[in-house]
1. Taking interchain pairs and intrachain pairs at least six residues apart, which have beta carbon atoms under 8 angstrom, with the first residue in region 271-299 and among the polar types (S, T, N, Q) and the second in a helix (DSSP H, G or I) and surrounded by 15 or more Cβ atoms within 10 Å (Cβ to Cβ)?
2. So, in region 64-87, of the ones that are of a type in the set (A, V, I, L, M, F, W, C) and closer than 22 Å to residue 233 by Cα, which residue ends up surrounded by the fewest Cβ atoms within 10 Å (Cβ to Cβ)?
3. Taking region 62-79 as the region of interest, how many residues are farther than 15 Å from residue 284 by Cβ, among the acidic types (Asp, Glu) and part of a helix (DSSP H, G or I)?
4. Within region 91-107, track down each residue that is surrounded by 18 or more Cβ atoms within 10 Å (Cβ to Cβ), in contact (Cβ under 8 Å) with a residue 60 or more places away in the chain and either in a helix (DSSP H, G or I) or in contact with a Ser or Thr (Cβ under 6 Å, 6 or more places away or on another chain) (or both).
5. Somewhere in region 111-120, is a residue β-branched (Val, Ile, Thr), closer than 27 Å to residue 267 by Cβ, out of contact with any strand residue (DSSP E or B) (no Cβ under 6 Å at 6 or more places or on another chain) and not in a helix (DSSP H, G or I)?
Amino acid sequence: MRVVGCERVRQPEKHRRTPLSAAALILATATAACGGAPDGPIELKFGHVGEPGSLFALSAEEFARRANARLTEIGAQAEVIVFGSSQLGGDEDLLAKLSFGTVDFALPSSIMSSRIDEFGLFEMPYIVRDREHMRRIEEEVFWPDLAPLAEEQGYKIIAVWANGFRHVTNDVRAIAAPADLEGIKLRTPRGKWRIRLFQRFGANPSAMALSEVFMALRTGNMDGQENPLAQIYASNFHQVQEFLSLTEHVYTPAYVTVSSRRWNRLPSEVRNVLEQEAKAVQAFVHEAAERMDRDLLVEIRAAGVAVNEVSRSAFLEGSQAIYDEFGSEVEAGRELIGKVLPLAFR
């Protein structure tokens, strides 16, 4: 139950909760009109596209658990509620809903490169060497150079988590070198650099929402896809794919993202808890990602998928043109690449 205009009304169903900005206005009006107090916490919706058991799901649920415990400790009338499996929409929908104020948190990854050119940095193949390298990139490049660009577009990123190192699966042949991708219909996330990369490799890439991929693979509308092992397994792609090639062609971060405008309307003590816990969860996320990379490879093999290594040198050679294009087409492209690469050896 929630007090509105001195009358008691039925609480909306769980999947149609009142957005934060509307809730704040309702509560303020009700309090002013009849001296009442909030009837239950403001519910902060966290939407993501990961299936149950995916890294996205584990990460968001751990964040909600920690944040809600802290919010309860300080007596804050706010609660994080997680909606996975694209329940609140795909990545494009979620970014739009952040702007509209109907979602409070989202966890975009590759799609950010289609909104902000400089985020294409993380679409460059093999530019992130390992997770330790990524942590240095985050500190010295992401926060000073990229996060402010997102905020200019109305998106405030409060933490960097992980999507992971991506691999190719398909139903046609094992992929050992770029030439093996010739003609393969490959699903990719939205973003021109991933499309261009696989076009360079000879594949026939098409962008598609993650929620649509399983059926596309099952029906043969797509031959294959590329994702981290955690997404491949949680989405059951290993059940409809014959080959897994360990390309590790791109490492994609995931960004805990809120609307700048709505974020600034939250009480400062709530913002502090949410931002502190979002950043603190990163260690959990990286540990879970490493464990899942190790354990899920065993599970995928056991399911009968043929797993093969690739010629990394061949993929690197075939990737150089994408670096050149990013450096020439994105204003700060060359500078960003020049900052990231040396951090791998520190």
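Only the coordinates and a few stated rules stand behind these numbers; no lab work does. Remember, it's a predicted structure, so these values are computed and weren't measured experimentally. Note: ideal-geometry Cβ built from the backbone for every residue, glycine included; neighbour counts use all protein chains shown.
1. Matching pairs, first to second residue: 276/70.
2. So the residue we want is 83.
3. 1
4. 91, 95, 98, 106
5. For region 111-120, residues β-branched (Val, Ile, Thr), closer than 27 Å to residue 267 by Cβ, out of contact with any strand residue (DSSP E or B) (no Cβ under 6 Å at 6 or more places or on another chain) and not in a helix (DSSP H, G or I): absent.
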